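Okay, structure first, notes after.
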Amino acid sequence: MKKKIVKIVKVVVIVIVLLGIIGSAALGKMIADQVMYQNKDNDTKSNSVKQLVDIWGYDLDGFNARYQGTEISVAAEDGNTVPGTFFKADSDKFVILVHGAGGDRVSVSPLAEQYLIRGYNVIAIDQRGCGDNEDKKVTFGINESLDVAAVVEYAREELGASEVIAHGQSMGAQTVAIYASNVTPGEVNAADAIICDSPVPGMEYMLRSVFADSDNEEDFYNAGTNYMIFVSDIASKLLYKVDYDDADTVAVVANDMLPTMIIRSEKDQVCLPEKVQEVYNNIGTSDKTIMSVDSAHIEGVIDDPDGYMEGVMNFLESYGL
């Protein structure tokens, strides 16, 4: 009788373990799918217009009337087609603009205008999962960095750029930071300098903040969030070949050897100033600078465009750009 009970207990334990494994795998896949396809039902084009016009009060119609862009497309290393808009100025200097999460290339119009006023050509691109980009997966800069490299090379080889700067906002700044950490200075696909406005500090960090649904960073590392990160990271690696560690901005920028400017927004509630400072502190190159703006998340160029661009231009001019 005792042996029979032990056998039953073993079977029950095995069933529970198997159910746990199956449940964890299903949960991991569900989370990974939601992360990768976070914009599946999100109108990123309308989001950009709403943010610019309704929230920030930006004169988007005026921008479109003053500047006529040309549609371009560029093939990335992995075969993805990168859609962009090319705004031509009387210069051979180019700026590649990379927007943040949930929007599209239109959202960088205020920044594009400031560069155009100062004589820089501008290429604004759609990140993956946004706008007209054919790849619908959002990988927090991992695959998106390939698009930036391709557009930098395109600007040099097809458009005759003498100097190229990459400037990103929020998740776009994370993309640019990861891009800079994976190119070799002097190569055709390497920008001459990069600017990261309020960069997302890391894929895992941002997911933890969502899972915890709390402003208390201690909650980011409780048992529940640890479990969700564990199962979703495994699923992400297996299904999409995306490793959360590859989008750990704070860690990967140790390999960034390009002249780099970080912009920290002191009223930022999305990418906290102290986390942005961590990104800056860990950048590998000594050719780096940080500028603080008294604004909310990526709103420095909206609140004080002249002051914002004065800092940007001081940085670029120090490298002859």
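Quick notes on this structure:
- Residue in segment 282-293 that is buried (at least 20 other Cβ atoms within 10 Å of the Cβ), at pLDDT 95 or above, in contact with a Lys or Arg (Cβ under 9 Å, 6 or more places away or on another chain) and closer than 20 Å to Ala101 by Cα present: no
- Matching residues in segment 268-283 - criterion: being in contact with a strand residue (DSSP E or B) (Cβ under 9 Å, 6 or more places away or on another chain) and either within 18 Å of Val312 (Cβ to Cβ) or not in a helix (DSSP H, G or I) (or both): Cys271, Val276, Val279, Tyr280, Ile283
- Where a residue in segment 156-173 is modelled with pLDDT under 95 and assigned to a helix (DSSP H, G or I) and its partner, wherever it lies, is buried (at least 23 other Cβ atoms within 10 Å of the Cβ) and of a type in the set (A, V, I, L, M, F, W, C), with Cβ under 8 Å and at least six apart: none
- Pairs, first closer than 14 Å to Val176 by Cα and in contact (Cβ under 8 Å) with a residue 40 or more places away in the chain in segment 238-261, second among the acidic types (Asp, Glu) and in a helix (DSSP H, G or I), C-beta under 6 Å, six or more apart: Val250/Glu278
- Taking segment 165-211 as the range and being hydroxyl-bearing (Ser, Thr, Tyr), at negative phi and under 12 Å from the mean Cα position of the chain (by Cα) as the test, the residues that pass are Thr175, Tyr179.
- Positions within segment 252-267 being more than 25 Å from Val164 (Cα to Cα) and either buried (at least 24 other Cβ atoms within 10 Å of the Cβ) or touching a helix residue (DSSP H, G or I) at 6+ places or on another chain (Cβ under 7 Å) (or both), in sequence order: Glu266
- Search result, residues across segment 221-241 that are buried (at least 20 other Cβ atoms within 10 Å of the Cβ) and over 17 Å from Leu27 (Cβ atoms): none
Yes or no, residue by residue, for (1) surrounded by 17 or more Cβ atoms within 10 Å (Cβ to Cβ); (2) of a type outside the set (Asp, Glu); (3) at pLDDT 95 or above; (4) in contact with a Pro (Cβ under 7 Å, 6 or more places away or on another chain):
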{"residue": "Ser46", "(1), (2), (3), (4)": "no, yes, yes, no"}
{"residue": "Gln68", "(1), (2), (3), (4)": "no, yes, no, no"}
{"residue": "Ile72", "(1), (2), (3), (4)": "yes, yes, yes, no"}
{"residue": "Ala75", "(1), (2), (3), (4)": "no, yes, yes, no"}
{"residue": "Asn80", "(1), (2), (3), (4)": "yes, yes, yes, no"}
{"residue": "Asp90", "(1), (2), (3), (4)": "no, no, no, no"}
{"residue": "Gln127", "(1), (2), (3), (4)": "yes, yes, yes, no"}
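- Filtering segment 42-99 to residues that are in contact (Cβ under 8 Å) with a residue 60 or more places away in the chain, part of a strand (DSSP E or B) and small (Gly, Ala, Ser) leaves Ala75, Gly84.
- Residue list for segment 235-248, filter: in contact with a Gly (Cβ under 7 Å, 6 or more places away or on another chain) and modelled with pLDDT of 90 or more: Ala247, Asp248
- Matching residues, segment 122-141, being hydrophobic (A, V, I, L, M, F, W, C) and either in a loop (DSSP other than H, G, I, E, B) or in contact with a Phe, Trp or Tyr (Cβ under 9 Å, 6 or more places away or on another chain) (or both): Val122, Ile123, Ala124, Cys130, Val138, Phe140
- Test: residue in segment 101-109 that is of a type in the set (Val, Ile, Thr), under 16 Å from the mean Cα position of the chain (by Cα) and part of a helix (DSSP H, G or I): yes
- In the set (1) out of contact with any strand residue (DSSP E or B) (no Cβ under 9 Å at 6 or more places or on another chain); (2) closer than 17 Å to Leu258 by Cα; (3) of a type outside the set (S, T, N, Q); (4) surrounded by 20 or more Cβ atoms within 10 Å (Cβ to Cβ), Glu153 fails one condition alone, (1).
The values are calculated or read from the model by the stated rules, or taken from the named source; none is laboratory data. Note that the coordinates shown come from a computational prediction; the quantities given were computed from them, not determined experimentally. Note that each Cβ is placed from the backbone with ideal geometry, even for glycine, and that neighbours are counted across all protein chains shown.
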